[in-house]
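For reference, the structure is listed below as structure tokens.
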Amino acid sequence: MKVAIVHDWLVTCAGAERVLEQILLCYPEADLFSLIDFAEERDFLHGHAATTSFIQRLPMARTHYRNYLPLMPLAIEQLDVSSYDIVISSSHAVAKGILTGPDQLHISYVHTPIRYAWDLQHQYLRESNLQSGVRSVLARVLLHYIRTWDSRTADGVDYYIANSRFVARRIRKVYGRSASVIHPPVDIESFRPMLQKEDFYLTVSRMVPYKRVPLIAEAFAAMPQRRLVIIGDGPEMERVRGVAGANVQVLGHQPFASVVAHMQRARAFVFAAEEDFGISLVEAQACGTPVIAFGRGGALETVCDETSLMPTGLFFYQQSVPSIVAAVERFERNAGNFTAAYCRLNAEQYSVEHFREALSGFVASARERDAARLSGTVAATPVRRPAAVPGDAIDDELDRLAGGRDG
């Protein structure tokens, strides 16, 4: 059984690459394919060298690879995986569009459909200052082309896996397909819990517009009696510094050990973005730290709110200063309800071991069904659900997922 693993691009080691790492560990003999490979940190690849596309050799591809978005659909289709029995794509852009034949099994782990081409197009255009003018027209035409291609290639996937129920709903919306859910792996053991907390709140984030870090800083500036520590950097750094009050400490980029230490000691972790999953929320809980989060997206799946028997945090439902302030004050009134033990127990459900067991079980069951289909027989064994994953028993059987291709 030959396995190919396809990833969009290898540049940094972020959340999608941590998922890729565990897929590679599940299938160490697999071959790796990617549009480009300029990753300087190589540990997560565990010795794998990627076969890359022609974009790898284009001018300034190392630093401006996103400018080649119009060529990415063509480039992914030029990667030849025709000799492999199983193709597993790890996709947040175009990897799911890899070309496969009728006798190959293609399973796509989707971090998200291309957000800036689908439901977040208008937000992307606003944040990129592309709401009017010639450049706006060109951007809209390009995104329309990307949507058309993305839709056309949706049925080239035999089974979809989503990283959250939120993303599964997005897959249903844009591709018309069912997806099973296997939450991303979190390196729980690198985040040890601490029972004694200090009197400060924490947020750790890239400072890009959708993360809403300036909003958190502004909310705490309105609460001078509450201390906030911000870790991270990015294009919104100056804006964050501009709205931060004397009680807000902006540390910028910090080494991993410092991030963990702050997560362990923080009174609570504050998060204002709408994320597909949100690994940092699980990392904070692994440190025994409760979460105050915007109540949309993946946070609703990883944080147990005040109505739970073992609450690990609470939500606010508007991305606004008053909403965050009210949530923090509510947390202060009920802080005793959120224990380090509850937080840690919830986080442990998202371990790398859970992920590997779930993914391996899913692929094995899909392979059995595919083999039975090719031989013209009925599968002798029932379809197995993937191993239970945190907060979510997989809702869709593999046979129903496959049937979703026919509507």
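Coordinate-derived values only; no laboratory data. The structure presented is a predicted model; accordingly, all values stated were derived computationally and were not measured. Note that each Cβ is placed from the backbone with ideal geometry, even for glycine, and that neighbours are counted across all protein chains shown.
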Selection of chymotrypsin sites (Phe, Trp or Tyr not before Pro), region 42-118, meeting DSSP coil and at most 13 other Cβ within 10 Å | none
Using θ = phi - 60° and the Karplus curve 6.51 cos²θ - 1.76 cosθ + 1.60, what whole-Hz ³J(HN,Hα) does each residue of region 341-349 get, with Gly and Pro shown as x?
-> 5, 4, 4, 5, 4, 5, 5, 5, 5
Taking a straight Cα-to-Cα line shorter than 14 Å from residue 96, and setting aside same-chain aspartates and glutamates fewer than 8 residues away, one finds 8, 77, 80, 150, 155, 158
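Given the -39500 (n - 2.57) contribution per DSSP H run of 4+ residues, what per-residue ellipticity at 222 nm results for the chain, rounded to the nearest 500 deg cm²/dmol?
Working: 15 runs with 149 residues, N = 407.
After summing the helix terms and dividing by residue count, I get -10500 deg cm²/dmol.
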Among 338, 79, 12, the residue whose Cα sits farthest towards the positive end of the charge dipole of the chain, when +1 is placed on the Cβ of each Lys and Arg and -1 on the Cβ of each Asp and Glu, is 338
Can you spot the lysines whose alpha carbon is less than 30 Å from residue 197's alpha carbon? Ignore those fewer than 8 places along the same chain.
-> 211
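Roughly what % antiparallel, to the nearest 5, for the DSSP beta bridges in the chain?
Working: 1 of 44 bridges.
The answer is about 0 percent antiparallel.
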May I ask for the net charge around residue 296, where only other residues with Cβ less than 10 Å from the Cβ of residue 296 are counted and Lys, Arg are +1 while Asp, Glu are -1?
-> -2
How would you classify region 188-350 from its alpha-carbon gyration tensor, with a ≥ b ≥ c the square roots of the eigenvalues: rounded for a/c under 1.5, else prolate if a/b is greater than b/c, otherwise oblate?
-> rounded
Placed amide H near residue 89: partners under 5 Å, 5+ positions off or other chain | 6, 107, 108, 109
Note, residue 203: beta-carbon cut-off 10 Å, +1 each Lys/Arg, -1 each Asp/Glu, net +2
Amide proton proximity set for residue 252, modelled H, under 5 Å, gap of 5+ | 232
Long-range amide H partners of residue 229, meaning residues 5 or more apart or on another chain whose placed amide H is closer than 5 Å, are 201, 202, 203, 249
Vicinal HN-Hα couplings computed from phi for region 60-75 (Karplus, 6.51 cos²θ - 1.76 cosθ + 1.60; Hz; Gly/Pro x) = 6, 5, 4, 9, 10, 4, 5, 5, 8, 3, x, 8, 5, x, 5, 5
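About its Cα centre, what dipole magnitude does region 197-350 give when the only charges are +1 on Lys and Arg Cβ and -1 on Asp and Glu Cβ, stated in debye to the nearest 20? Could the numbers behind the result be given before it?
On the way: 14 positive and 16 negative charges, 69 e Å.
It comes to approximately 340 debye.
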HN-Hα J couplings of region 190-205 from phi, Karplus 6.51/-1.76/1.60, θ = phi - 60°, integer Hz, Gly and Pro as x?
-> 7, 10, 8, x, 10, 7, 7, 9, 9, 8, 8, 9, 9, 9, 10, 6
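About the Cα centre, and with charges only on the beta carbon of Lys, Arg (+1) and Asp, Glu (-1), how big is the dipole of the chain? Nearest 20 debye, please.
1040 debye
Would you list 96, 211 from fewest to most Cβ contacts within 10 Å? If you can, show how the numbers build up before the last one.
Numbers: 96 28, 211 20.
Lowest count first: 211, 96.
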If you find the alpha carbon centre of region 329-360 and of region 304-328, how far apart are they in angstrom?
-> 15 Å
